[in-house]
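Q: One structure follows; several queries about it will come next.
The values are calculated or read from the model by the stated rules, or taken from the named source; none is laboratory data. It should be emphasised that the depicted structure is a prediction, and the values quoted were computed from it without experimental measurement. Here Cβ is always computed from backbone atoms with ideal geometry, including for glycine, and neighbour counts include all displayed protein chains.
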Amino acid sequence: MEAIGLDWRSAIPSENVTHEYVEKVLSKELFMYSNQIIRKSKLNRIVLCKNLATMGDRAAGLTDAHWISRLGLKKNTICLDVEQSGLFARMLVHHEIFHMIDYYDDLARWSDPDWCKLNEKAFKYGKRSPCERSKISGLITDYAMSNVYEDKAEVYAHMIIDYRGTESRAEKDPILKSKVLRMKELLKRFSNLYDDNFWSDRKAASTPAKGQISKERLAEVVLKKWGLTL
């Protein structure tokens, strides 16, 4: 096991597994982000690993953000477990990227009292559960119950990957609908690229589309775009 940051540990995955993950998951998900959004998120590096753990607990992804990164003393990092696959792996990329956005969109960092007020008055964060669909009003998954910043990251990831499905759920859940609208407001304030056209594209991408760029070419383009090295 190798130390990545404070109380973070991981192992180095094989080159074949890493390349497959970049080709099938990471390159596709990063491709939708503009240079402006990545720069404003202050993301410096992406660590691809396996057996990721923090404080002894396994994790599929982690975000390490620092205000002092502006001074070059720390690198803002997201870690992604390349052994994750399918829809969960795709959502994980956006979940962790949003943590970076959330940290830098205002001086409150990951605190957001206004978001908390969107929940029912008796609701309290604190329970950690798998990322399965929640039956609790206002929560997109059970994992969203963990705390306010995980709640926001889960809403964001679902809006990015399955905007159509998230919109449909929100129509039947007033609290979730208010969170979707609030998320759009926060993102538009963070970058004007999160506009109506952006969400129209995400809605269209919620269903399989034909004529997409080949996986090999997509990986090549994104690796060059972000300067990723394996």
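Q: May I ask you to say which residue of Leu176, Leu181 is in a helix (DSSP H, G or I), in contact with a Gly (Cβ under 7 Å, 6 or more places away or on another chain) and either within 27 Å of Lys40 (Cβ to Cβ) or not assigned by TED's automatic domain parsing to the domain that holds Ser41 (or both)?
A: Leu176
Q: Sticking with this one: For Ala122, work out the one condition from (1) loosely packed, with under 14 Cβ neighbours inside 10 Å; (2) in a helix (DSSP H, G or I) it doesn't fulfil.
A: Going through the list (1) loosely packed, with under 14 Cβ neighbours inside 10 Å; (2) in a helix (DSSP H, G or I), Ala122 breaks only (2).
Q: Taking Phe31 as meeting all but one of (1) of a type in the set (A, V, I, L, M, F, W, C); (2) closer than 27 Å to Asn192 by Cα; (3) surrounded by 21 or more Cβ atoms within 10 Å (Cβ to Cβ), write down the number of the exception.
A: It is condition (3) that Phe31 fails.
Q: Turning to a different aspect of this structure: With Val93, Val22 as the choices, which residue is part of a helix (DSSP H, G or I) and farther than 29 Å from Val180 by Cβ?
A: Val22
Q: Got a sec? Which of Ser168, Ser137 is part of a loop (DSSP other than H, G, I, E, B), among the small types (Gly, Ala, Ser) and more than 17 Å from the chain's Cα centre (by Cα)?
A: Ser137
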